[in-house]
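All remarks here apply to the structure that follows.
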Amino acid sequence: RNLKQSWDCTGTDTQNFADCIMKIRDEQQATYRISLKMKCYDFSLTVEPVQEEHEEQPLPPNLKLAQDEIKGLSDSAKATVSKGTPLQQLISWMLQGQGQMAQQVKEAAGTFQEQGRLTANLDENIKEVRRAKELSLGYRKVAAEVYNEAAQIAGVCV
């Protein structure tokens, strides 16, 4: 989001950062060679001066911000992918154990009123687990799209 705002490419699809990379390349082509490098699950924005006189100069703030944003996007996508499977396993375990948890609530409750409160809490928690399942699947899909787009920009075959 910050990348799109700082480079004024907010009119594009929310999942598409290729337009921003292209805009950065176009705007900086006289001074810097901009490319996206990909290594395993990491990708980064590489900025190389076109002329030697720019080699010793610090990067302009907007290019440094773009590098930081791309690194953040890479880190987020990597975390989403790497934590996705364990999270789905935990969610499945919780949903499969729903009946057993309900039985434990009945056995643990001292009064009918307490059982009702605990059952309502369990139902709310299971509802949130289902919501987390749907959200995490969506996040994994977006992360996969980000990786595919990064690979395409970087010229890597996936």
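Observations on the structure shown:
- Relative packing of peptides 120-127, 31-38 - highest average C-beta neighbours within 10 Å first: 31-38, 120-127
- Extending 7 Å from the Cα toward the beta-carbon at both MET94 and SER136 defines two label points whose distance is 0.8 nm.
- In the frame of its principal axes, the chain has Cα extents of 79, 29, 29 Å, reported largest first.
- The calculated 222 nm mean residue ellipticity attributable to helices in the chain amounts to -23500 deg cm²/dmol, summing -39500 (n - 2.57) over DSSP H runs of n ≥ 4 and dividing by all residues.
- Partner aspartates and glutamates for LYS39 [C-alpha distance under 15 Å; skip if fewer than 8 residues away on the same chain]: ASP75, GLU149
- Ordering TRP7, TRP93 from the fewest to the most neighbouring beta carbons within 10 Å gives TRP93, TRP7.
- When only alpha carbons are used to place a centre, the range 62-108 and the range 110-158 end up 6 Å from one another.
- Result for the chain in a Gaussian network model with C-alpha springs under 10 Å: among SER74, SER44, SER92, the largest mean-square fluctuation is at SER92.
- Annotation: the range 93-158 has a Kirkwood hydrodynamic radius of 14.7 angstrom, from the mean reciprocal C-alpha pair distance.
- Distant alpha-carbon pairs in the range 51-91 (separation over 14 angstrom), percent: 65
Values in this text are rule-based calculations from the coordinates and carry no lab data. Just so we're clear, the structure is a prediction, and the values are computed from it rather than from any experiment. Neighbour counts are summed over all protein chains in view; Cβ atoms, including those assigned to glycine, are modelled from backbone coordinates with ideal geometry.
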